[in-house]
1. Any lysines with Cα under 29 Å of the Lys71 Cα? List them, leaving off those in the same chain fewer than 8 positions away.
2. So in the chain, which Cys have no other cysteine's beta-carbon sitting under 4.7 angstrom from theirs?
3. Within the chain, which is the longest segment containing none of the GluC sites (Glu not before Pro) that sit in a DSSP loop and have at most 15 other Cβ atoms within 10 Å?
4. Taking the DSSP beta bridges in the chain as the whole, what percent of them are antiparallel, to the nearest 5?
5. Let me have the 222 nm mean residue ellipticity of the chain computed from DSSP H runs of 4+ only, each contributing -39500 (n - 2.57), with the sum over all residues rounded to the nearest 500.
6. Inverting the mean 1/r over all pairs of different Cα atoms, compute the Kirkwood radius of the chain and quote it in Å.
7. By its C-alpha gyration tensor, with a ≥ b ≥ c as the square roots of the eigenvalues, how is region 26-107 shaped: rounded for a/c under 1.5, else prolate for a/b larger than b/c, else oblate?
8. Taking the alpha-carbon centroid of each part, what is the distance from region 23-97 to region 116-147 in angstrom?
Amino acid sequence: MERLFSHRQDGEACECVLTDAGRSSDAKMTFLHGPPRCGKSSLALQYAFELVKRSQDEEAMVVLVLHVSTKGNRHRVVPVDPCESCNTPVKTGQDMIYWNRIRIKYLENASQLRHFVCSFHMFEGINTALIVDDLDMFCTAPAQIYPCMAFLKETMEYMRSKFNSGLVLVLGTSQAFPRELRRTLRRWCELILQIEKSNNDAFSIHEETWKSEVDWADILPLFPVTYRIDYTFTPDSPTTQGHLQIQRVDASS
Ligand SMILES: [Zn+2]
């Protein structure tokens, strides 16, 4: 996820961002969860944009899967405001080209999601990342979640073998995936990120870890670094304009 927050694309420094150069926190498959109305969908869309913008391949595209019930809801996402220190992301005339390389696919249920992911090779174009927003709108029971995760991981591997690059990001509401269930998602996701509300409009993202006497691997976070992203978010509403701004990123050791 650090691509979105590190401001590193032009190598410029920003006093709000602390990263350990050379280290990448991009996992091949990530699960990001948080409370309702914490800006997940806005972060997902901005992440898709950053992936496209920073891709080496000018034709690379990102596929964003959304639940059909969110179609036409223009209050669902808010644009990310530029950083107060370094002004990232800077809006340019090129942006439309990047937005056009994000392909949105609306699906209805777990069965459609499985089918789409299994037939991903039929979806034409150089699709190098797949983002599934609101997984809990497609499935909440392990019997539905596990096959989807398995197929998503297989699709990530397919993208990597075909295009030499492939990322999967799955987002969900924390309550729909109890902590023990989230732990089982580590089978497929290298990184589980959790969004927590601090106060008012302040949120933070950090890696979720589990302490275990039995399995030492579960104790260790994936990245032995501090990994914390602070941002402020207020949702869009019919009367007020939403707001999302990254305040501080700390991914230094
Ligand atoms: Zn900045």
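1. Here the lysines satisfying the reach criterion relative to Lys71 are Lys28, Lys40, Lys53, Lys91, Lys105, Lys153, Lys197.
2. That list is Cys16, Cys38, Cys83, Cys118, Cys139, Cys148, Cys189.
3. Values: sites that count: Glu12, Glu15, Glu58, Glu59, Glu84, Glu108, Glu124, Glu190, Glu213.
Longest site-free region, per DSSP loop and neighbour criteria: 125-189.
4. Details: 18 of 49 bridges.
DSSP beta bridges in the chain are roughly 35 percent antiparallel.
5. Details: 8 runs with 69 residues, N = 253.
Calculated at 222 nm, the ellipticity per residue is -7500 deg cm²/dmol.
6. Working: mean 1/r = 0.0536 Å⁻¹.
After inverting the pairwise mean of 1/r, the radius is 18.7 Å.
7. Values: a/c = 1.42, a/b = 1.18, b/c = 1.20.
It comes out rounded by the Cα gyration axes.
8. 17 Å
Bear in mind that the values in this text are calculations on the coordinates, not laboratory data. Note that the structure is predicted; figures quoted are calculated from it, not measured. Here Cβ is always computed from backbone atoms with ideal geometry, including for glycine, and neighbour counts include all displayed protein chains.
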